[in-house]
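To start, the structure under review is shown below, and the notes come after it.
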Amino acid sequence: MVNSIRSRLTRARTTLACTVFVIGFALPSHANTDLEYWGHYNLDIKLTDRTAFRLSPQLRLRDDAGDLYHWESAQGFHHKLNSFASVGLYHLFVRIENTRGDWQSENRLRGDLSLATTVLGIKITDRSRYEYRFVGNDDRRRYRNRLQFARAVTIGDQTITPFISGELFYDLDKHENDQNRLVVGVSRKITDTIKASLYYLHVSKKGRRNDWDGTDVIGTMVNFSY
């Protein structure tokens, strides 16, 4: 009985510490806040037991989720190195509408390295992402790091997985942190091949005058694996 109580207290402290860490990491707050919707889909087609081809379209709507201003398509390969590490290599084509109403194209080369472990039932994933971006006539480089905590919870005969993550964006050309993201959400396996997620995301971006503006996002993600 005593050991059971101690175990539960330890798990509660760990969960609270993870939550405080991620929220504390994320985000100076912000006078200008808009509500957006981001819809994201992943289609994984297994080529071997460890390697899959991935297609990932995404769209974003701003102005209280009423105006499409961003869409992208990523395609590439994901490879599981072992039980705790995986890598990915992708090409992205991105179209973004600027504040003047003009649409601009961007190509990106993206490399991912993800490390994962489980502590006291909490899955901890650290993803490093390098992006080489071709924007007009400019080449830009960016490093991103996302730390995520997730824990499966069973309610009756249903299992859901709440998660929380913080992500830092670092401009390798300007040598500065210019964007942070905080995500809180829940995911659920619908079938053996489909998993869906619903999340709240807060994006904090650094402006030209070194002020930080915030954007609130309601997002969905659907993963298909075959």
Query raised in the report: Of these, Tyr200, Tyr132, Tyr170, which one is out of contact with any Cys (no Cβ under 7 Å at 6 or more places or on another chain) and free of Cβ contacts under 8 Å to residues at least 24 places away in the same chain?
Result: Tyr200
Query raised in the report: For region 47-66, which residues satisfy the criterion of being of a type outside the set (Ser, Thr, Tyr) and either exposed (fewer than 13 other Cβ atoms within 10 Å of the Cβ) or at positive phi (or both)?
Result: Leu47, Asp49, Arg50, Asp63, Asp64, Ala65, Gly66
Query raised in the report: Can you tell me which residue in region 105-143 is surrounded by the fewest Cβ atoms within 10 Å (Cβ to Cβ), limited to those that are in a strand (DSSP E or B) and at pLDDT below 95?
Result: Asp138
**Report entry** Test for Ala85: is it out of contact with any Cys (no Cβ under 8 Å at 6 or more places or on another chain) and closer than 18 Å to Glu167 by Cα
**Finding:** no
Query - Residue, nearest to Phe93 (Cα to Cα), within region 144-159, restricted to residues that are surrounded by fewer than 16 Cβ atoms within 10 Å (Cβ to Cβ) and not hydroxyl-bearing (Ser, Thr, Tyr) - result: Asn145
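Which members of region 197-206 meet the condition of being in contact with an Asp or Glu (Cβ under 9 Å, 6 or more places away or on another chain) and either farther than 11 Å from Gln179 by Cβ or crowded, with 17+ Cβ neighbours inside 10 Å (or both)?
Tyr200, Leu201, His202, Val203, Ser204, Lys206
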Query raised in the report: within 19 Å of the chain's Cα centre (by Cα), polar (S, T, N, Q) and within 19 Å of Thr220 (Cβ to Cβ) - does that describe any residue in region 108-125?
Result: no
Report summary line: Checked Ile160, Ile218, Ile194 against criteria (within 15 Å of the chain's Cα centre (by Cα) and among the aliphatic types (A, V, I, L, M)); the one match is Ile218
Query raised in the report: Inside region 149-169, can you point out the residues that are more than 26 Å from Lys205 (Cβ to Cβ) and hydrophobic (A, V, I, L, M, F, W, C)?
Result: Ala152, Val153, Ile155, Ile160
Query - Single match in Leu120, Leu59 (criterion: in contact (Cβ under 8 Å) with a residue 40 or more places away in the chain and either under 24 Å from Ser165 (Cα atoms) or touching a strand residue (DSSP E or B) at 6+ places or on another chain (Cβ under 9 Å) (or both)) - result: Leu120
Query - Leu35 vs. criteria surrounded by 14 or more Cβ atoms within 10 Å (Cβ to Cβ), without any contact (Cβ under 8 Å) to a residue 24 or more places away in the chain and assigned to a strand (DSSP E or B) - result: no
**Report entry** Residues being closer than 15 Å to Thr161 by Cα and of a type outside the set (A, V, I, L, M) - total across region 176-214
**Finding:** 9
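The values are calculated or read from the model by the stated rules, or taken from the named source; none is laboratory data. Owing to the predicted nature of the structure, the values given are computational and were not obtained by experimental measurement. In this analysis, Cβ positions are derived from the backbone assuming ideal geometry, glycine residues included, and neighbour counts consider all displayed protein chains.
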